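Chemist: Can you keep this structure in mind? I'll have questions shortly.
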Amino acid sequence: MTGGFGALLRQLRLRAGMTQEQLEEQSGVSVRTIRRFETRDPFNGSMTTVRRLADALRLSAEERDGLLAAAAGTSAGENATAPVPRQLPAPPGEFVGRHDELAALDKAVGATPAVVAASGGGGIGKTWTALHWAHRNLDRFPDGQLFVDLHGFDPGGMPVRPATAVRGFLDALVKTGTPAGEDAQAALYRTLVADKRMLIVLDNARDAAQVVPLLPGGRGCTVLVTSRDRLAGLVTAHGAVPLALGELEEHEAWDVLAARLGRDRLAAEPDAAADLVRYCAGLPLALAVVAARAELRADVLLATLAAELRDVSTRLDALDAGDPTSSVHAALSWTYGALNSSQAETFALLGLTPGAEISLAAAANLVAEADVSATTRALERVSLIEQCAPRRYRMHDLVKLFAADQARTSFSAEIRDAALRRLSDFYLHTAHAADRLLEPHRHVVELGEPAPGTSPRSLPDPAAALTWFDDEHANLLAAQRIATARGWHDTVWQLAWSLNTFQSRRGLVHDRLAVWRAALDAATSLADPGPLMRVHRLLGYASAALGHHEEAIGNLGQAVGIAEQEGDLAELGRAHVTLARVWEMRGDVRRAREHGIQALHIFRALEQPVWEAEALNSIGWQSACLGEYETAREHCQAAHALYREHHERDGEADTLDSLGYIAHLTGRHDEAVGHYQQALTLFKDIGYTHTAADTLERLGHPYAALGQCDRAWTVWSEALAMYQTQHRTTDAQRVRAALDRLDTDLSGTTGT
């Protein structure tokens, strides 16, 4: 096919044996237009009209492309089509996992070609996954595959201009003679691929603006874009299907190493192999680097490699294969280098956070900015952080190590400490206020002023306080560790104090013991004996809850001694109440009651009615255990009246539970059920899940005594589930035995 557009059209019409009139009839293009096309050359006209003529002439794909190229302003002889392009790089050598992502790609493309935006952080395996899927689906794209690395996040270089990428595609689509202008080249590119079944892979895009000019004009092609950016604009404006890639599951990470190193080598050192998987944290690039190092040094034990990765200060160095394309540090630095100064500062400081995730409010305190939402959105967009829940963010473990490195190199120790002080004070002051909402009658501990730039969160009510504690508990524990490491002694023990009510309600006995042991070390370093006295008391109770009775009695003895020495009668009374509980746990109920009576005298003298009720309830419960039921009932009823008068709901629930216990022991089972149900409602309402489980267990006994075995079964089953969730093995075994006995009784009744 030679000549311009007009000559080419005439040649094709005559070869097809068509007159101008016949071509008009077949194509719907007027004879006048056809005649004008054949006499005016070159022609820069409607590509839609040209396609209609090509379809009417029943041209082959090669002939059609030649006609379209000529219509774009070039001669057919110069634009003889090139072979079908096959530009995909080689497929990944070893590919495992990503079953969900591959299935999502299959579904997105389906029978209708689509634009898919695959996003994820550096080293997460976006190109790896895209190429594997592409090679597995070559038969879907008979007209070929185009590929370009857009270098969106490469260091020291500019991202590829869309016009440059278009020119590269045209070089693959036509042999010679492409138009000179960028607009004409873009038009020709869109023309040539519009009706083809082709795969276009746009790898490592910087943003949607770089991608949009490369989208084909028709709907025959599938476009697969990979980027560290989430490409929200592409999803919104062009209907792209988002596909976010995260870290590999643990079993997939094992499979990656096994595919490269062999299962026998992993089986020979299972502990070391498990360490390698853990330290790589599901990042495909990290796993590939480790595997390559192990392959290159077959004589080196996996344990040696694991030891290099164990130290967090050198882990990123160990994940460097000596090539920028095979280095976790380099992959992350390319994304980091594209950030502006505010984004880079926030990212680096986030690397210092002690917890696994952080709320937007906490992040604002860390960087001392009132609003960091725009910055965090930018970091999320390039996959340096991810939103794990509304307004909460997390970093991949290796990304966090990289961020912490940037913080150490970018900021002085004073700046880093100031950021962590603001974060710790945010957690402390918010937790302290939340604790006051949960337990308004608790003794008040005065905090110092928070660090400049700190904005504690304001919580509206007890329900919001409980939810905040649930969300932030792990971060509060981590904040205490940070404070311990830096010698912020007041913060350490005050965090333990602020956590105590919440941890008691949720039954977090191991965490409670840990924070109070840390608090004791801190309080010992303070000159003021007040904190030490309180820490000894609460550590004593935390120890007793886990059966460490000697430690408990020792700490409580210290609390009593300091209180007597300081003349602090209120704290002395609280120590006696706690001693009453501990001696009861040890099985010495009479001694327990003696401490309760001492506490009662103190609180009555001090006119502290809520604590007086605490002592009354303690004495009442212990009297019931001793079989002195009238004394027990009188004390618990008096306690209940005081708690109700002062709106102390958890104390009210405690005394209702005690009254239920007394009623059951005295054969008043209906009354016991009523008391227990009221207690249960209150416990659940205030989030006291730990004690609610105990009340459920006790409620089953009067139900069983009344012959209401189905109700007994229901509450014991619920108690068993709660005990199991709370990891209370002994309690769970006891309830399971009660259920087994109930089963036996029911079976015997049925058999009779």
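The values are calculated or read from the model by the stated rules, or taken from the named source; none is laboratory data. From a predicted model like this one, the values you see are computed outputs, not experimental measurements. Don't worry about glycine lacking a Cβ; one is built from the backbone with ideal geometry, like all the others, and counts go over all protein chains shown. Please note that ligands, DNA and RNA were not included when accessible areas were found on the heavy atoms of the full protein model with its side chains. Shrake-Rupley method; radii C 1.70, N 1.55, O 1.52, S 1.80 Å.
Chemist: Within the range 246-272, which residues are crowded, with 17+ Cβ neighbours inside 10 Å and closer than 20 Å to Ala356 by Cβ?
Modeler: Glu247, Leu248, Ala253
Chemist: If Ile124 passes every condition in (1) in a loop (DSSP other than H, G, I, E, B); (2) within 30 Å of Ala330 (Cβ to Cβ); (3) open to solvent by 40 Å² or more (accessible area, probe 1.4 Å) but one, which one does it miss?
Modeler: Tallying (1) in a loop (DSSP other than H, G, I, E, B); (2) within 30 Å of Ala330 (Cβ to Cβ); (3) open to solvent by 40 Å² or more (accessible area, probe 1.4 Å), Ile124 fails exactly one: (3).
Chemist: Answer yes or no as to whether Leu626 is over 19 Å from Gly651 (Cβ atoms), touching a residue at least 24 places away in the same chain (Cβ under 8 Å) and more than 47 Å from the chain's Cα centre (by Cα).
Modeler: On the way: over 19 Å from Gly651 (Cβ atoms): yes; touching a residue at least 24 places away in the same chain (Cβ under 8 Å): yes; more than 47 Å from the chain's Cα centre (by Cα): yes.
Here the answer is yes, as Leu626 does meet what is asked.
Chemist: Okay, next question. Mind checking which residues of the range 273-289 are surrounded by fewer than 17 Cβ atoms within 10 Å (Cβ to Cβ) and either in a loop (DSSP other than H, G, I, E, B) or aliphatic (A, V, I, L, M) (or both)? Please lay out each step first, then the result.
Modeler: Keep residues of the range 273-289 that are surrounded by fewer than 17 Cβ atoms within 10 Å (Cβ to Cβ), which gives 274, 278.
Selection gives Ala274 alone.
Chemist: Within the range 127-230, considering only helices (runs of 4 or more DSSP H) that don't extend past its boundaries, which have at least 3 residues that are open to solvent by 30 Å² or more (accessible area, probe 1.4 Å)? Steps first, please.
Modeler: Working: elements: 162-173, 182-193, 208-211.
Per the criteria, 162-173, 182-193.
Chemist: Residues in the range 250-257: is at least one in contact with a Lys or Arg (Cβ under 7 Å, 6 or more places away or on another chain), farther than 20 Å from Gly120 by Cα and in contact (Cβ under 8 Å) with a residue 12 or more places away in the chain? Can you show your working first?
Modeler: Filtering the range 250-257 down to residues in contact with a Lys or Arg (Cβ under 7 Å, 6 or more places away or on another chain) leaves none.
No: the range 250-257 contains no residue that is in contact with a Lys or Arg (Cβ under 7 Å, 6 or more places away or on another chain), farther than 20 Å from Gly120 by Cα and in contact (Cβ under 8 Å) with a residue 12 or more places away in the chain.
Chemist: With (1) open to solvent by 10 Å² or more (accessible area, probe 1.4 Å); (2) at pLDDT below 95 as the list, and Glu628 as the residue in question, which single condition is left unmet?
Modeler: (2) is the only condition that Glu628 fails.
Chemist: In addition: For the range 355-381: of the residues being in contact with a Phe, Trp or Tyr (Cβ under 8 Å, 6 or more places away or on another chain) and more than 24 Å from Ala451 (Cα to Cα), which is surrounded by the most Cβ atoms within 10 Å (Cβ to Cβ)?
Modeler: Leu379
Chemist: Out of all the residues in the range 400-422, is one or more assigned to a helix (DSSP H, G or I), open to solvent by less than 10 Å² (accessible area, probe 1.4 Å), aliphatic (A, V, I, L, M) and at pLDDT 95 or above?
Modeler: Looking through the range 400-422, at least one residue is assigned to a helix (DSSP H, G or I), open to solvent by less than 10 Å² (accessible area, probe 1.4 Å), aliphatic (A, V, I, L, M) and at pLDDT 95 or above.
Every residue, every condition in (1) among the aliphatic types (A, V, I, L, M); (2) at pLDDT below 75; (3) more than 30 Å from Glu249 (Cα to Cα), yes or no:
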{"site": "Thr39", "(1), (2), (3)": "no, yes, yes"}
{"site": "Glu78", "(1), (2), (3)": "no, yes, yes"}
{"site": "Pro85", "(1), (2), (3)": "no, no, yes"}
{"site": "Asp100", "(1), (2), (3)": "no, no, no"}
{"site": "Val109", "(1), (2), (3)": "yes, no, no"}
{"site": "Ala130", "(1), (2), (3)": "yes, no, no"}
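Chemist: Next question. Might you check whether a residue that is without any contact (Cβ under 8 Å) to a residue 12 or more places away in the chain, surrounded by fewer than 21 Cβ atoms within 10 Å (Cβ to Cβ) and aliphatic (A, V, I, L, M) occurs anywhere in the range 483-492?
Modeler: Checked against the condition, which is being without any contact (Cβ under 8 Å) to a residue 12 or more places away in the chain, surrounded by fewer than 21 Cβ atoms within 10 Å (Cβ to Cβ) and aliphatic (A, V, I, L, M), the range 483-492 yields at least one hit.
Chemist: Being open to solvent by less than 40 Å² (accessible area, probe 1.4 Å) and of a type in the set (D, E, K, R) is the filter here; which residues of the range 452-482 pass it?
Modeler: Our first condition is that a residue be open to solvent by less than 40 Å² (accessible area, probe 1.4 Å); within the range 452-482, this holds for 454, 459, 464-466, 468-469, 472-473, 475-480, 482.
Correct list: Glu472 only.
Chemist: Please state which one of Leu305, Leu296, Leu266, Leu301 is over 22 Å from Val96 (Cβ atoms) and more than 27 Å from the chain's Cα centre (by Cα). Outline the logic, then answer.
Modeler: Numbers: Leu305 fails: over 22 Å from Val96 (Cβ atoms); Leu296 fails: over 22 Å from Val96 (Cβ atoms); Leu266 fails: over 22 Å from Val96 (Cβ atoms).
Only one candidate passes the filter, namely Leu301.
Chemist: Of the residues Ala303, Ala292, only one is open to solvent by less than 40 Å² (accessible area, probe 1.4 Å) and either in contact with a strand residue (DSSP E or B) (Cβ under 8 Å, 6 or more places away or on another chain) or assigned to a helix (DSSP H, G or I) (or both); which? Don't jump to the end; show me each part of the working.
Modeler: Details: Ala303 fails: open to solvent by less than 40 Å² (accessible area, probe 1.4 Å).
The unique qualifying residue is Ala292.
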